[in-house]
Amino acid sequence: MANTSSAKKAVRKIARRTEVNRARRTQMRTFVKKVEEAIASGDQAAAQAALAAAQPLMMRAAQKGIVHKNSASRKISRLSARVKKIAA
């Protein structure tokens, strides 16, 4: 349990940041799922549109420290390759 006033404030700040981070992470995962579903359906136009929407969210999450930068880049790279593969 936090004893000092600064520790109590830190607990409040952490709780607020956790909510924001959880919302961002959830939103990112939702957009990634939309890309996955579009790939599964085989619709390249929808997959490209979904990837274009998901990519900035993933990089923003990496920038904010919610996911690691390399993890976001890897995920974008793999999704891009799969979207490109649909056209072939």
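Brief remarks on what is shown
- Residue match in region 2-19 (condition: within 23 Å of Leu57 (Cβ to Cβ), surrounded by 10 or more Cβ atoms within 10 Å (Cβ to Cβ), under 25 Å from the mean Cα position of the chain (by Cα) and touching a residue at least 12 places away in the same chain (Cβ under 8 Å)): no
- Answer residue from region 35-88, given it is of a type in the set (D, E, K, R) and under 30 Å from Thr18 (Cβ atoms) and is surrounded by the most Cβ atoms within 10 Å (Cβ to Cβ) among those: Lys75
Read-outs: derived from the displayed coordinates by stated rules, not from any lab. Note that the structure is predicted; figures quoted are calculated from it, not measured. With ideal geometry, Cβ positions are generated from the backbone for all residues, glycine too; neighbour counts draw on all protein chains shown.
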